[in-house]
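This report concerns only the one structure given below.
Please treat every number below as a calculation from the coordinates, not as lab data. Keep in mind that what you see is a predicted model, and the values were worked out from it rather than measured. Reconstructed Cβ throughout: ideal geometry from the backbone, glycine too, with neighbour counts over all protein chains shown.
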Protein chains: 2
Amino acid sequence: MRVFNTRLPVLALCAGGTGGMEAAICNIASSGDTVAVLNAGKFGERWGKVARAYGLKVVEYTKRWGESFSPEEVAEFLDHDGAEASLLVVTHSETSTGALNDLEGITRIARERGKLVIADVVTSLAVHPIEFDAWGLAAAVAGSQKGLMLPPGLALVALSEAAWDRAKRSDLPKFSYNLTLAKDSLAKNSTPFTPPVPLVLALEESLRLIEDEGLEAVFARHARHARACRNAVTGLGLELFADHPSNGLTAVRVPEDRDGAEVVAHLRERHAMRIAGGQAPMAGRLFRLGHMGHYRDGDIRDLLAALDEVLLELAWVDHSKTREIVEAALGPAGS
Amino acid sequence: MRVFNTRLPVLALCAGGTGGMEAAICNIASSGDTVAVLNAGKFGERWGKVARAYGLKVVEYTKRWGESFSPEEVAEFLDHDGAEASLLVVTHSETSTGALNDLEGITRIARERGKLVIADVVTSLAVHPIEFDAWGLAAAVAGSQKGLMLPPGLALVALSEAAWDRAKRSDLPKFSYNLTLAKDSLAKNSTPFTPPVPLVLALEESLRLIEDEGLEAVFARHARHARACRNAVTGLGLELFADHPSNGLTAVRVPEDRDGAEVVAHLRERHAMRIAGGQAPMAGRLFRLGHMGHYRDGDIRDLLAALDEVLLELAWVDHSKTREIVEAALGPAGS
């Protein structure tokens with residue numbers, strides 16, 4: 001599949017992204033395995049919970065929410081606390097914080113240490129380049145509802161040959177998430193169990209849309225929109241929440257004396273726009289502008305104009321150069 | 001939920017019916033448990049596979065495909081081979097054969113023997129009456145794509161208080177199918193993980209449609225359509241596959257010298273109608289007319305007229321009284 005850049009089969013499961021995460025764990029790992037997890041947000045944390053639910057030992061490298069992990073830091077971790085792990089889970093784009101990790105660099109140092117890398121690409125697939133085969137990933141997990149522009153309900157999971165070898169030996173219980181059954185059925189152009197048919201049909205269409213636009217153009221569009229959002233936010237005097245922001249979403253740090261929920265509420269009530277707040281434990285402390293998937297320049301202009309208006313109304317800011325900043329990033333409106 | 005006739009919460013999972021089956025098993029059972037399964041078709045068989053995938057001991061009462069289980073037979077089974085089981089799985093309407101089981105009667109004798117009953121109501125919910133609370137079921141599992149008239153991708157699972165007690169002690173691995181998490185979230189009008197949003201919204205609408213028509217009227221309509229199909233099929237000189245047919249679908253036995261696949265193919269190619277063939281090991285040996293969910297009398301008339309035409313064309317039959325038979329069951333066309 002082109003968006004993963006793999007020649008290997010990508011399995012579609014009737015599941016959310018979390019079910020895809022679970023499928024990766026329960027197919028690749030076996031009882032007694034130790035899983036190393038990079039945790040600096042809700043989804044990094046969730047991977048640890050999934051692995052523990054299957055009785056696996058988990059060693060976590062925890063950083064503050066919003067921080068990314070450098071390959072050097074991960075090398076240090078894998079040489080010490082993570083040494084006994086055979087699997088490393090990396091959240092490429094951490095949806096709860098908007099932070100991007102250097103998946104290619106981290107995978108390289110993990111492979112040098114003999115670890116298999118499971119990548120959470122839920123909010124990076126079709127947003128940032130992913131080279132499944134070339135980087136040597138062992139598994140990658142995505143959901144239908146982000147860069148693939150579909151409703152939620154379909155998880156996509158790719159496994160490498162090394163991961164399939166481990167799947168043969170895996171003794172963890174699974175049935176509907178049994179990827180070996182899914183692979184055997186896929187070879188016969190089928191699925192082992194009733195799939196979420198409308199999403200499977202819609203996926204063909206969304207992959208065609210991506211192909212028509214061109215994958216490089218899709219990446220460039222996401223980069224342009226992310227830049228417009230980041231510049232507009234910092235131009236308003238606010239701070240980005242992530243040190244290394246993803247192009248899939250822009251998380252904004254909420255000033256100490258404010259509550260992010262009011263920005264979310266005003267945008268919904270006055271502008272019929274839905275943005276996301278912070279997830280526990282960051283409720284109120286950040287808000288998130290999503291710009292992955294089916295966004296055109298006009299959508300981003302409208303979003304940032306509305307955000308600007310709301311922040312002025314709420315007196316979070318007392319000046320605005322948002323229009324000029326957005327024009328600098330996206331060109332003049334109507335261009 | 002009215003269609004289950006329970007005052008207890010019914011959980012909606014991002015899963016197919018099989019995922020719902022799995023959720024019932026991995027939440028209610030614990031390692032070391034024995035599960036008794038009534039198996040006379042693909043789905044009875046699947047329940048055994050699911051339980052074995054979780055390392056549980058399975059004792060099966062196997063009958064020929066198409067047969068139903070009487071409460072007396074099940075009592076005999078539970079007093080002998082099934083004695084050590086604490087759970088009994090009953091497929092209410094066996095989709096692979098069209099056979100209906102007496103869920104109320106079987107549940108009564110199972111409860112007298114101290115067993116908890118897990119009911120597969122995938123093709124009986126909103127087709128046949130189900131009294132979850134009154135019958136004393138421990139769990140019931142349904143999917144969105146049958147009597148609830150939706151696309152596949154949402155599983156519904158109800159648990160009794162006794163089942164929730166067992167769920168507290170359950171040591172089987174689970175994460176996205178963790179029903180306790182789902183119940184805790186439901187109490188806050190939420191879900192632990194991203195749900196398949198369009199299906200959740202559509203479910204509200206389909207439950208409203210059922211409420212508008214009236215649950216008794218929905219059952220009566222299914223009974224009428226089932227009767228029309230059965231009478232038309234036997235009127236053509238063919239045999240029903242099930243001894244006790246479900247009102248959700250009518251499975252037709254294919255004569256020894258014929259292949260059911262040709263009926264399926266002709267209906268699709270010449271009449272743009274999709275019916276189902278037999279599932280392995282019954283491929284070619286039966287075909288199935290589905291009539292659960294959103295069917296009106298006119299749909300059934302059209303289906304049976306087309307079936308009649310195809311069977312005459314293929315020279316499976318040399319005479320037809322189908323029109324009269326259907327009119328006897330449904331009244332004259334246009335009435």
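The Rg/Rh ratio of the stretch A:257-309, with both radii computed over alpha carbons and Rh defined as the Kirkwood radius, is 0.99.
Quick one: angle between helix A:215-235 and the longest Cα principal axis of chain A, in degrees between 0 and 90, rounded to 10, please. Rounded to the nearest ten degrees, it is 50. Separation of the stretch B:225-299 from the stretch B:11-56 is 28 Å, based on Cα centroids.
In terms of its Cα atoms, the stretch B:215-330 spans 41, 30, 26 Å along the principal axes, sorted from long to short. Each other copy holds its own label point for B:Arg108; taking that point as 7 Å from Cα along Cα to Cβ, the gaps run 7.3 nm, nearest first. Structure remark: mean-square fluctuation, Gaussian network model of chain A, C-alpha springs under 10 Å; the largest value among A:His244, A:His222, A:His80 belongs to A:His80.
Once Rh for the stretch B:74-193 is found with the Kirkwood sum over Cα pairs, what is the Stokes-Einstein diffusion coefficient at 10 °C and 1.306 mPa s, in µm²/s? Provide the component values of the computation, followed by the final result.
On the way: Rh = 15.5 Å.
In µm²/s, the coefficient rounds to 102.
Applying the Kirkwood pairwise sum to the alpha-carbon positions of chain B produces a hydrodynamic radius of 20.6 angstrom.
Spatially, the stretch A:93-163 and the stretch B:74-148 are offset by 42 Å when compared through their Cα centroids. Of all chain A C-beta atoms, the nearest to the rotation axis linking A with B is recorded, alongside its rounded Å distance, as A:Gly153, 2. As a length-normalised measure over Cα pairs under 8 Å and 6 or more apart, the relative contact order of chain A settles at 18 percent. The value of relative contact order for the stretch A:214-330, using C-alpha pairs under 8 Å at least six residues apart, is 31 percent. Take the alpha carbon gyration tensor of the protein assembly as shown, find the square roots of its eigenvalues, order them as a ≥ b ≥ c, and report rounded if a/c is under 1.5; if not, report prolate when a/b exceeds b/c, else oblate. Prolate is the answer for the protein assembly as shown, as a/c is 1.5 or above and a/b outweighs b/c. Taken over the C-alpha atoms, the stretch B:1-58 has Rg and Dmax values of 12.7, 35 angstrom. The relative contact order of the stretch B:129-248, computed from alpha carbon pairs under 8 Å that lie at least 6 residues apart in sequence, is 20 percent.
With label points defined 7 Å past Cα in the direction of Cβ, position A:Glu324 shows copy-to-copy spacings of 9.0 nm, given to one decimal and shortest first. Ignoring the sites themselves, chain B has its longest run without GluC sites (Glu not before Pro) in a DSSP loop having at most 14 other Cβ atoms within 10 Å at B:132-255.
The smallest convex shape that holds all Cα atoms of the stretch A:10-210, its convex hull, gives 106 Å³ per residue.
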